[in-house]
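Here the structure is laid out as structure tokens; the discussion comes afterwards.
The values are calculated or read from the model by the stated rules, or taken from the named source; none is laboratory data. Computed from a predicted model, the values in this text were never measured in an experiment. Backbone-built Cβ (ideal geometry, glycine too); neighbour counts: all protein chains shown.
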Amino acid sequence: MTREFDQIRQYWPSPEDFYSARDHRTTLKVPEFLSYVHSRVEIHVDSANAIDLRIQQMALVAANLTARWARNTRVFVPHVPLVPSLNHFEDEFLDTRILREMLEADPFGHFEIGEPADSDEEAIRLFIGPSHRSGISPTDYSVDVVGWTARGKRGRIAPSQPVRVSAGPAASLAASIGAADLFKRAIGHPMHEWLPDWQWCTWEHRLVNDHCCCTAPSPDVTTRLGEMLLAGVGAIGSSLIYILGLVPAHGRVTVLDRDRVETSNLNRSLLLTAIDAAESRRKIDVAGTYLKLIKLDGDRVHGTWRETGEQLGNRPFDIWVSLTNEDGAWAEVPFQLPPLVLHGTTTSGWGVGFGRHIPRREDCTACRLPRPHADFRGPCSEGEIAMEDALPIRASLPFLSSVSASLVAIELMKLQYPAGRSLPNAVYADFRVGLPAVIASTLGPTSGCRGCEVAQSPLWVRRRGNSLYANLSLSD
């Protein structure tokens with residue numbers, strides 16, 4: 001890190017220069033933000049279960065996200081080996097990787113790896129996992145994941161028995177929402193606006209309780225991506241790549257983007273680092289390097305959808321993850337006869353959304369998503385789902401992008417299950433005042449939508465009939 005820190009010093013002579021550039025967009029949304037970046041923050045990792053994959057996944061995401069806004073953070077984590085599937089970078093130990101990622105996100109921050117005996121009860125604290133037996137105050141927050149269900153609770157979370165295999169993206173969702181609660185407390189939201197007790201069944205996308213449980217199958221440990229196009233390596237797309245590195249995944253990923261990493265990108269992405277910004281690296285190069293490290297094949301395409309859409313539309317992809325709407329790309333996607341399409345969004349406030357579009361069975365991006373200069377109105381067939389915040393669809397808060405990316409990654413896992421196509425394909429949530437609801441709907445083709453109609457043409461069958469998930473469109 002010494003050589004890289006010398007380069008960083010040349011780019012940002014002082015911490016103030018770095019923070020002024022990094023936090024600009026967030027201060028636009030939360031004007032008093034800078035009054036709280038010096039809050040004392042603690043993340044406590046469940047020592048009894050720290051060798052479990054789900055605990056390590058949550059710890060990595062929570063610490064990484066928190067380092068992107070909180071400059072004074074301590075992580076209490078035992079010195080345990082990384083689960084082999086997480087040891088892509090020769091870190092070997094969980095605490096080593098946590099500290100490295102925090103310093104890569106913020107080389108000027110004051111970050112410590114400590115022992116729980118040194119905990120500051122006046123700090124803002126997040127607990128990862130179910131086995132914290134003492135020392136949790138009524139204002140502390142805990143998160144955990146069991147199977148497909150992410151859980152959060154004010155105070156100590158109830159242990160889960162037995163502990164089943166858990167979906168990695170559900171773990172990143174739990175950690176992201178836990179990090180959101182740290183942020184809400186730091187910026188001074190009143191207690192009734194903090195995160196409540198919740199259990200989010202990501203299989204059906206509904207909030208459940210102890211008497212109404214998630215009845216999902218045991219998660220498959222491997223995600224099959226096939227040939228995947230990731231259009232947009234911004235806040236959501238880069239976070240999705242990071243999350244794919246937390247789970248066993250197989251396939252080939254082609255990344256499309258035209259931008260370079262800027263300092264203001266660092267507080268909204270799990271993947272991008274200070275050295276990426278200091279060297280103004282192309283986002284597709286950062287993504288491609290990471291994909292290689294996590295043993296996923298990849299291609300890089302530099303440009304915009306307008307420049308490359310026709311060319312990419314002729315390639316035999318199995319999935320498009322569409323995260324860019326430059327030049328109204330979402331309105332054009334259906335006319336390239338895409339395979340299955342996934343998208344994720346954030347609002348300029350506290351909202352997130354996720355969408356799945358199975359051609360011939362579900363609505364398309366042209367009828368669900370906005371055109372240029374149009375308000376975000378949600379699905380045209382169910383306008384009441386639309387959130388009130390409206391455009392722009394950009395992340396201005398540190399955790400929203402990783403929540404949205406987690407929802408996309410969860411769907412990538414669910415595609416392995418034939419029953420998945422009958423599950424909701426439109427999901428929305430808002431964190432401005434706690435988590436009052438998860439709004440989930442299943443939307444079919446829209447009458448009169450030309451984008452939905454073009455998928456019914458015989459040409460779609462000839463072009464996409466052999467794609468990995470074509471059976472979702474073609475079978476009864």
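Here are a few things to note about the model shown:
- Counting the residues of the stretch 61-90 that are under 19 Å from T273 (Cβ atoms) and touching a residue at least 60 places away in the same chain (Cβ under 8 Å) gives 11.
- Counting the residues of the stretch 163-188 that are within 16 Å of C201 (Cα to Cα), outside any loop (DSSP other than H, G, I, E, B) and of a type in the set (A, V, I, L, M) gives 6.
- Some residue of the stretch 455-467 being touching a Leu at 6+ places or on another chain (Cβ under 6 Å) and either surrounded by fewer than 20 Cβ atoms within 10 Å (Cβ to Cβ) or closer than 24 Å to R224 by Cβ (or both): yes
- Some residue of the stretch 238-252 being of a type in the set (K, R) and at pLDDT 95 or above: yes
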